[in-house]
1. Using the alpha-carbon atoms, what tilt in degrees (0 to 90, nearest 10) does helix 140-153 show relative to the longest principal axis of the chain?
2. First measure r as the distance between the Cβ atoms of residue 24 and residue 253, then evaluate 1/(1 + (r/R0)^6) with R0 = 22 Å and state the FRET efficiency to the nearest 0.05.
3. Largest first and in whole Å, what are the equivalent-ellipsoid semi-axes of region 62-103 based on the Cα gyration tensor, each being the root of 5 times an eigenvalue?
4. Tell me, what does the Kirkwood hydrodynamic radius of region 11-60 come to in angstroms if you use every pair of distinct C-alpha atoms?
5. Give the cross-link partners of residue 132 among the aspartates and glutamates, using a straight C-alpha distance below 16 Å as the criterion and excluding same-chain residues fewer than 8 apart.
6. When the helix-only estimate is applied to the chain (DSSP H runs of n ≥ 4, each -39,500 (n - 2.57), divided by the residue count), what is the mean residue ellipticity at 222 nm, nearest 500 deg cm²/dmol?
7. Using just the C-alpha positions of region 156-263 as equal point scatterers, what log10 of I(q)/I(0) does the Debye formula give at each q in 0.11, 0.22 1/Å?
8. Mind checking region 182-263 for trypsin sites (Lys or Arg not before Pro) that DSSP puts in a loop (not H, G, I, E or B) and that have at most 13 other Cβ atoms within 10 Å?
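Coordinate-derived values only; no laboratory data. Keep in mind that what you see is a predicted model, and the values were worked out from it rather than measured. Using ideal geometry, Cβ is built from the backbone for each residue, glycine included, and neighbour counts are taken over all protein chains shown.
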Amino acid sequence: MTDDALIEYRNVARRFHSRSGTVVACEDVNLSVRRGEFMAVVGPSGCGKSTLLNMAAGLMAPSAGQVFYGGRQVPAPNTDVGYLTQRDTLLPWRTVEDNVAIALELRGQSRADRLRVAHEWLDRMGLIGFEKSYPAQLSGGMRRRVALARTLAYEPETILMDEPFGALDAQLRMVMHEELLKLWTGMQKTVIFVTHDLAEALTLADRIAVFSARPGRIRSVETVDLPRPRDVFRIRFDPHFGKLHDRLWSYLEASVRSDVMVN
Ligand SMILES: Nc1ncnc2c1ncn2[C@@H]1O[C@H](COP(=O)(O)OP(=O)(O)OP(=O)(O)O)[C@@H](O)[C@H]1O
Ligand SMILES: [Mg+2]
């Protein structure tokens with residue numbers, strides 16, 4: 001393990017058993033995420049991306065190999081990470097502000113404190129005016145932003161994000177990219193960001209791990225040597241962005257084609 005590795009997957013495999021047989025979600029995964037690094041993970045549907053995040057969050061253990069966090073095996077649950085899951089997990093009976101404040105409530109902060117912090121994050125996410133709304137009264141993109149505000153309000157050391165902006169339209173996505181990069185630059189958090197979208201991964205990440213179709217194995221880990229700060233609205237027109245995109249796509253294309261044939 002390198003000295004600055006915060007999260008490390010070592011020879012990790014995860015299998016699931018059911019009546020219809022055994023599914024190997026991923027295998028032979030060796031990946032080190034450095035402290036402060038923005039790591040993107042891309043790969044076809046079903047290759048074990050969410051499973052990898054679940055293991056870093058301590059929600060499930062590997063079937064083989066080990067996952068380390070800060071040099072120790074990941075505890076269950078890992079309270080140093082904030083996890084923006086792929087599925088919407090807002091509590092429908094709570095207002096927007098009370099959903100965002102939930103982690104602070106678990107920490108025992110006063111209601112006034114919780115609401116102050118919640119409102120700051122809702123402001124950053126462009127959601128002022130909706131504090132008292134319920135999740136069912138929001139659009140899909142707004143719900144996603146509330147979930148992101150909730151994850152960030154908790155101020156975790158590490159943020160795990162599972163396709164956080166998939167439901168947003170292209171323009172709002174770029175606005176969120178800018179916001180996320182600003183936050184990340186200011187706070188020096190470690191991020192693992194799962195996406196299907198190579199352009200999104202290239203815009204945001206320091207490195208990108210490309211996975212094969214199930215069982216997910218790492219095909220390549222590429223360094224994104226695009227300078228920062230990045231202009232999220234224009235970076236895709238940079239010729240070097242195009243070159244990186246082509247190279248990564250060549251790995252992903254092979255995975256996607258084999259995925260189509262398997263499923
Ligand atoms: N709790 C579980 N029980 C049984 N099988 C599971 C479970 N979680 C995941 N799997 C299986 O493991 C494989 C990988 O699932 P995972 O959700 O990690 O994929 P993914 O790469 O996140 O896919 P997507 O891009 O569609 O979200 C799938 O075949 C899935 O059916
Ligand atoms: Mg997933």
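1. Taking Cα atoms only, the helix is inclined about 80 degrees.
2. Numbers: r = 22 Å, r/R0 = 1.02.
It comes to 0.45.
3. Values: eigenvalues 175, 31, 10 Å².
Over the Cα atoms of region 62-103, the ellipsoid semi-axes are 30, 12, 7 Å.
4. Working: mean 1/r = 0.0820 Å⁻¹.
Averaging 1/r across every pair of different Cα atoms and inverting gives 12.2 Å.
5. Straight-line reach from residue 132, under 16 Å: 97, 98, 120, 123.
6. Values: 8 runs with 95 residues, N = 263.
Here the helix-only value at 222 nm equals -11000 deg cm²/dmol.
7. -0.36, -1.35
8. Numbers: sites: 182, 189, 207, 217, 219, 230, 234, 236, 243, 247, 257; in loops: 189, 217, 230, 234.
In loop regions of region 182-263 (DSSP not H, G, I, E or B), the sparsely surrounded trypsin sites (Lys or Arg not before Pro) are 234.
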